[in-house]
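Trainee: This is the structure, below, for whatever I ask next.
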Amino acid sequence: MPALVLGILAIVFGHLSKQEIAANPGMEGEGQAKAGFIMGIICTALAGIGFVIMVIAAAS
């Protein structure tokens, strides 16, 4: 379950960082913000799939 929480946090902070960088053109790190956002989506998806598999395995 920590992966789900951390994935959601990565999505939120990545999105906020991308917005802040867009508002301030002099700032760097757009690639890192985008990478954090994408990795958050991947982590959340994998954690969700793992949770579903765990529930199915426990039910059988």
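Values in this text are rule-based calculations from the coordinates and carry no lab data. Since the model is a prediction, treat every value here as computed from it, not as a measurement. A quick note on method: Cβ atoms are made from the backbone with ideal geometry, for glycine too, and the neighbour counts reach across all protein chains shown.
Trainee: Which whole-number percentage describes the relative contact order of the chain, with Cα contacts under 8 Å and a sequence gap of 6 or more?
Mentor: In percent, rounded to a whole number, it is 46.
Trainee: Continuing with the same structure: Here are a few candidate values for mean projected area of the Cα convex hull in nm²: [x] 3.8; [y] 4.8; [z] 5.2. Which one was actually calculated from the structure I just gave you?
Mentor: Answer label, from the structure shown: [x].
Trainee: Per the helix-only calculation at 222 nm, which mean residue ellipticity applies to the chain, given -39500 (n - 2.57) for every DSSP H run of n ≥ 4 and division by its residues, nearest 500 deg cm²/dmol?
Mentor: Helices in the chain give a 222 nm mean residue ellipticity of -31000 deg cm²/dmol.
Trainee: Same structure again: Would you mind getting me the FRET efficiency between Ile49 and Leu16? Use the beta-carbon distance for r and R0 = 22 Å, nearest 0.05.
Mentor: Calculated value: 0.25.
Trainee: What angle do you read, to the nearest 10 degrees and between 0 and 90, between the alpha-carbon axis of helix 30-59 and the longest principal axis of the chain?
Mentor: Helix 30-59 sits at roughly 10 degrees to that axis.
Trainee: Quick check: residue separation of Ile42 and Ile56 times 0.36 nm, minus the Cα distance between them. What number comes out in nm?
Mentor: That works out to 2.9 nm of additional length.
Trainee: Sticking with this structure for a sec: Sorting check: for 25-32, 42-49, which peptide has the highest mean count of neighbouring beta carbons within 10 Å, and how do the rest follow?
Mentor: 42-49, 25-32
Trainee: Please work out how much length the chain gains when fully extended from Leu6 to Gln32, using 0.36 nm per residue of separation minus the C-alpha to C-alpha distance, in nm with one decimal.
Mentor: 7.7 nm
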